[in-house]
1. Relative to a virtual label point 7 Å from the Cα of GLU206 in the Cα→beta-carbon direction, which members of the range 294-310 show backbone nitrogen distances below 16 Å?
2. Residue farthest toward the positive end of the dipole of the chain, with Cβ of Lys/Arg at +1 and Asp/Glu at -1: which of VAL58, PRO111, GLN185?
3. Quick check on the chain: helices-only [θ] at 222 nm, where DSSP H runs of length 4 and up contribute -39,500 (n - 2.57) each and the sum goes over total residues. Nearest 500, please.
4. Which order results if SER219, SER301, SER278 are arranged by neighbouring Cβ count within 10 Å, fewest first?
5. So who's got an amide H within less than 5 Å of the one on GLN244, skipping anything under 5 residues away but keeping other chains? H placed 1.01 Å off N, in plane.
6. Under the 0.36 nm per residue contour assumption, what length would be gained going from the current alpha-carbon distance of ASN55 and ASP316 to full extension?
7. What are the lysines whose alpha-carbon lies under 30 Å from the alpha-carbon of LYS188, with same-chain residues fewer than 8 places away excluded?
8. Points 7 angstrom from Cα along the Cβ direction at THR271 and ILE251: gap in nanometres?
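What follows is calculated from the coordinates using simple rules that are stated; it is not laboratory data. Just so you know, these numbers come straight off a predicted model, no measurement behind them. Reconstructed Cβ throughout: ideal geometry from the backbone, glycine too, with neighbour counts over all protein chains shown.
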Amino acid sequence: MIKWVSLFANVWIAEFYLKELWVDIVVVNELLKKRCDLYNYFYPNSEIICWDITNEFVYNQILEKSLKNNCEFVLATPPCQGMSVAWKMKEDDPRNNLILKAVEFIKDLDPNYAIIENVPSFFDTNVMYNWNKIKIKDYLNIELWEKYNLNMWVLDVSDYGTPQVRKRAITLITKKYIWKWEFPQKKKKITVKEAIWHLPSLESWEYSQIKYHYAKKHSQNHILWMKNTPTGKTAFENEKYFPQKENWERIKWFSTTYKRIDWEKPAPTITMCNWAISSQNNVHPWRLLENWIYSDARVLSLKEICILTGLPENIDFPTWASDNFIRQVIWEWVPPKMIQELVKNMPKNSINYNVNLKFWILKTKKTELFTNVY
């Protein structure tokens, strides 16, 4: 078993499939209590330190417990809001500097492996280093090159078994004596149709017999506009039923709003406002009804979002976790299928190789000593 410590852990999503592998998640750190509670629900045996890692006492507590448990793997997923295009890439956002704390922790713990995950703009975001601005990719190389191999790339999670397009900056880190950690081969993409077609159709405010498969309530205007919008299209392209104000003035529009998802592609990136028809790429693809009216004039159900995130269909949440809370933490998700594929591709054999090499060297030295004595 490889013992892990997870920093900025959110609720559990990234680590979901690691139970199937050789991973034991020993120490966890997350700032927000409600997220810690959900993490604890899925990983009751992990020691969760629920507080701010920038607090010296908290940092030392995480480090001490990680050292005591011989953790040899760090997963660090620091907050991305200040680096995200959606949040207008605010380089003065103090959360950007949490990467410095993550690197400090890696250097102090001295693990064999680490993964750092973030938004695509992560590598080119500037942080302050020795009183100068420096890109994070350069900072990582400067701080870790002496002991570690680094492999950095932006991956699309739809290439690794998830039916959703979502790009993430991934840094794979291994000790110098271990082979460089390579990225896994891409898989065949999974379409929305392949993922959720089997679920029954729903209209606004309808419930099904399937757990978590129920529809949000929407306004009559939104329903009307989307009932006249085919798959892959936005309601702004409709000739008659397009988004408009009460005075009939057309609403200013963007190509991704009031838009149906396409059945034949992986889902677009699920965003923070995944509960709103007016937000980006949130509306169900539809099924054609009579008179060229389209069904499912609604956002994706919680069940559909979980499946498109790569979570299993039998996922079960505690009763206290509300629909809105789960939708929010899923928006901030670290893709579990991709993490699973990365961990599967860890250079495990190199450990055996190096152990055997060390044994051979030790055996040779003993032979030489025996020869010299006689």
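1. Answer for this model: 294-304.
2. So the residue we want is GLN185.
3. Values: 10 runs with 109 residues, N = 374.
About -9000 deg cm²/dmol.
4. On the way: SER219 11, SER301 24, SER278 20.
Fewest-to-most Cβ neighbours within 10 Å comes out as SER219, SER278, SER301.
5. ILE251
6. Details: separation 261, 0.36 × 261 = 93.96 nm, distance 3.35 nm.
Length gained, ASN55 through ASP316: 90.6 nm.
7. LYS19, LYS137, LYS167, LYS180, LYS211, LYS233, LYS259, LYS265, LYS303, LYS337, LYS344, LYS348
8. The modelled label-to-label distance comes out at 1.2 nm.
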